[in-house]
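Below you'll find the structure, written out as structure tokens, and then a few comments.
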Amino acid sequence: MSFLNFIGGRWVPAKSGRTFPDRNPANQDDVIGEFPSSGPEDVDAAVQAAKKAFPAWRKVPAPRRGELLFRTGEILTRRKEEIARAMTREMGKVLKEARGDVQEGIDTAWVHGGEGRRLHGYSAPSELPNKAGWTVRAPIGVAGLITPWNFPLAIPTWKSFPALVSGNTVVLKPASDTPHCSHLLVECLIEAGIPPGVVNLVHGGGGTVGTALVRHPDARVISFTGSSEVGREISAVAGRMLKRVSLELGGKNAQIVMDDADLDLALEGVLWGAFGTTGQRCTATSRLIVHRKVHDELVGRVVARAKKLRLGDGLDEKNEVGPLINRERVRAVQEYVEIGKKEAKLLCGGAPAGEGALKKGCFYRPTVFDGVKPAARIAREEIFGPVLSVLTVGSLDEAIACLNDVEYGLSSSIYTRDVNAAFVAMEELDTGIVYVNAPTIGAECHFPFGGTKSTGNGHREGGHPIYEVFTEWKTIYVDYSGRLQRAQIDNRKAPGRKR
Ligand code: UN1
């Protein structure tokens with residue numbers, strides 16, 4: 001099957017005519033289809049189409065733009081099972097999680113559809129009589145959205161829905177590992193009635209298509225989710241162009257388990273956090289920071305359960321852990337495991353899984369390292385796979401210091417029954433998201449999502465803060481005094497003069 005770009009309301013091939021295959025990570029022989037391998041000329045066509053569509057789209061009242069998102073949410077709801085299955089085939093996450101990913105897209109439609117009737121500004125009293133001031137949110141123009149493969153439906157909706165309801169037009173560049181999910185999303189937007197040019201889809205590699213989009217002078221705002229390394233590059237280019245950019249980057253998230261914690265709960269949390277989505281979430285639990293008094297019991301149980309997790313094609317609902325996204329990721333995870341073997345003690349996993357039906361896929365065994373020191377590379381660097389590093393501590397202060405002692409600050413978690421300890425952690429953990437008695441994953445789309453330090457550049461997705469990314473503030477003053485009133489001057493008497 002052959003897929004196309006969507007530019008200016010038409011399905012078109014890459015101008016070069018080149019394509020690339022989209023493969024199922026659970027079975028590399030299964031090709032979902034060929035997608036256009038686009039170049040800068042295709043990006044330019046898409047940005048021009050979006051630019052042309054902008055003046056009319058920004059004039060559509062925001063509540064009407066919101067209604068289009070509600071219709072998209074209804075279509076996604078109707079097609080949920082079909083899209084979830086397509087996602088499992090394309091990205092590998094098990095079906096239950098794929099359904100959750102589509103549901104997150106649906107929820108995002110409800111949140112931002114409703115925003116069409118809010119998009120609040122504010123008013124404040126003027127310092128002068130007969131003068132009023134208030135603010136409105138104005139759209140920016142063409143938004144370039146570069147999305148990752150790990151949440152192939154949810155993340156494109158996190159970015160495109162608020163961009164659209166604010167009145168921007170969009171060029172979406174999905175990850176080349178998951179082009180099909182974005183194709184399906186664009187089909188839903190078309191069915192909902194999106195006007196030509198308002199949403200454009202350009203497939204291809206990050207180095208070519210992503211770079212061309214970031215460098216395009218008419219793509220006035222860029223939203224990117226991916227690695228900190230690429231985020232730094234984007235930031236440098238966009239900085240020189242004075243272009244707004246929102247970056248959602250790496251994580252090295254940890255779960256703290258104190259000696260008074262409910263260990264059954266902490267066990268379920270760490271298994272879900274570390275091995276859900278095969279560890280391929282920005283928010284995955286990559287470190288377990290455990291109090292030494294409960295270390296042996298908890299780690300013993302984690303390893304026993306990790307060994308039993310059932311790997312396989314996510315379309316078979318008996319399977320609990322799907323594959324990594326591609327062979328390159330298998331190699332990258334293996335490299336970290338080799339480093340880890342020199343730094344710490346491997347308790348389980350540590351190798352790809354290639355027996356029987358698994359040999360055609362990119363499967364990797366859930367892996368646990370114990371005795372990891374805070375300075376070890378596997379304690380500090382993002383691995384993006386099913387690898388958990390266990391660090392042992394003796395107090396709450398030590399646990400918090402250990403958790404904060406990394407370059408990233410996305411998500412953190414603490415399991416404790418001590419309310420005071422929980423509140424200290426909420427205050428001291430230097431991450432954008434903090435969970436108490438819950439794993440590091442499980443963010444909801446109407447709350448801010450993002451992190452501190454190298455996890456981003458201060459912006460947040462989700463919730464209301466996303467509108468700081470996709471709108472410009474416009475301040476309006478109306479003077480109805482009928483004379484020139486000079487702010488800061490005419491409401492003051494000169495010093496020394498009697499009133
Ligand atoms: C990500 O971690 O890459 O919080 C996104 C969660 C999801 C979104 C995660 N709702 O796990």
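Close amide H pairs (under 5 Å, H built 1.01 Å from N) link residue 446 with 463, residues at least 5 positions away or on another chain.
For segment 137-184, with all protein chains present and a 1.4 Å probe, just round the carbon and sulfur fraction of the accessible area to a whole percent. Mind dumping the intermediate values first?
Numbers: 240 of 470 Å².
Roughly 52 percent of what the probe reaches on segment 137-184 is carbon or sulfur.
Structural descriptor for segment 253-436: relative contact order 28 percent, calculated from alpha carbon pairs under 8 angstrom and at least 6 residues apart. Given in Å, the Rg to one decimal and the Dmax to the nearest whole number for the Cα atoms of segment 1-143 are 20.9, 74. Heavy-atom surface analysis with a 1.4 Å probe gives segment 203-351 a carbon and sulfur content of 51 percent of its accessible area.
Let me know the whole percent of all Cα-Cα pairs from segment 343-382 that are separated by more than 15 Å. Walk me through the numbers on the way to the answer.
Numbers: 402 of 780 pairs.
Everything past 15 Å amounts to 52 percent.
Close amide H contacts of residue 143 (hydrogens built in the peptide plane, cut-off under 5 Å, sequence separation of 5 or more or a different chain): 169, 170, 171.
From the Kirkwood radius over Cα pairs of segment 43-121, Stokes-Einstein at 10 °C and 1.306 mPa s returns a whole-number translational diffusion coefficient of 111 µm²/s.
With a 10 Å radius around each residue's Cβ, average the other Cβ atoms per peptide and rank 263-272, 74-83, highest first.
Working: 263-272: 19.0, 74-83: 16.8.
The packing order, highest mean first, is 263-272, 74-83.
In order along segment 240-247, phi translates into HN-Hα couplings of 5, 8, 6, 9, 6, 9, 10, 10 Hz, rounded to whole numbers, per the Karplus curve 6.51 cos²θ - 1.76 cosθ + 1.60 with θ = phi - 60° and x for Gly and Pro. Note on segment 402-499: semi-axes of the ellipsoid equivalent to its C-alpha gyration tensor, largest first and rounded to whole Å, are 47, 20, 13. The amide H of residue 393, built 1.01 Å from its N in the peptide plane, has 290, 291, 292 as neighbours under 5 Å, considering only residues 5 or more places off or on other chains. Sorted from longest to shortest, the spans of the Cα atoms of segment 109-207 along the three principal axes equal 59, 30, 25 Å. Per atom type, segment 1-42 shows carbon and sulfur on 51% of its accessible surface, probed at 1.4 Å.
Just by accessible area at a 1.4 angstrom probe, what is the order of 447, 3 from largest to smallest?
Numbers: 447 120, 3 15 Å².
So the residues, ranked largest to smallest area, are 447, 3.
The largest accessible area among 7, 414 belongs to the first residue in 7, 414, and the rest follow in falling order (1.4 Å probe, all chains).
Rg and Dmax, both from the Cα atoms of segment 191-336 and both in Å, are 20.7, 62.
Taken over the alpha carbons of segment 134-185 as equal point scatterers, the Debye sum produces base-10 log I(q)/I(0) values at 0.17, 0.18, 0.23, 0.25 Å⁻¹ of -0.51, -0.55, -0.79, -0.89.
In order along segment 254-261, the Karplus-derived 3J(HN,Hα) couplings, from 6.51 cos²θ - 1.76 cosθ + 1.60 at θ = phi - 60°, round to 9, 10, 8, 10, 7, 6, 9, 6 Hz, and Gly and Pro are given as x.
One equal scatterer on each Cα of segment 253-436, no solvent, Debye formula: the resulting log10 I(q)/I(0) at q = 0.12, 0.18, 0.20 Å⁻¹ is -0.52, -1.14, -1.37. Based on alpha-carbon atoms, the Kirkwood radius and the radius of gyration of the chain give Rg/Rh equal to 1.03. Couplings 3J(HN,Hα) for segment 44-56, derived from phi with the Karplus relation 6.51 cos²θ - 1.76 cosθ + 1.60 (θ = phi - 60°), are 4, 4, 5, 5, 5, 4, 5, 5, 5, 7, 4, x, 6 Hz, where x marks Gly and Pro. Remark: C-alpha extents of segment 230-289 on the principal axes read 52, 23, 14 Å, sorted largest to smallest.
In the context of the full set of protein chains, residues of segment 253-436 present 41 Å² of accessible surface per residue (probe radius 1.4 Å, heavy atoms only).
The values are calculated or read from the model by the stated rules, or taken from the named source; none is laboratory data. The structure displayed is predicted, hence computed values, not measured ones. We place every Cβ from the backbone using ideal geometry, glycine too, and count neighbours over all the protein chains shown. Just the protein is used for accessible areas: all its heavy atoms, side chains included, with ligands, DNA and RNA removed. Shrake-Rupley method; radii C 1.70, N 1.55, O 1.52, S 1.80 Å.
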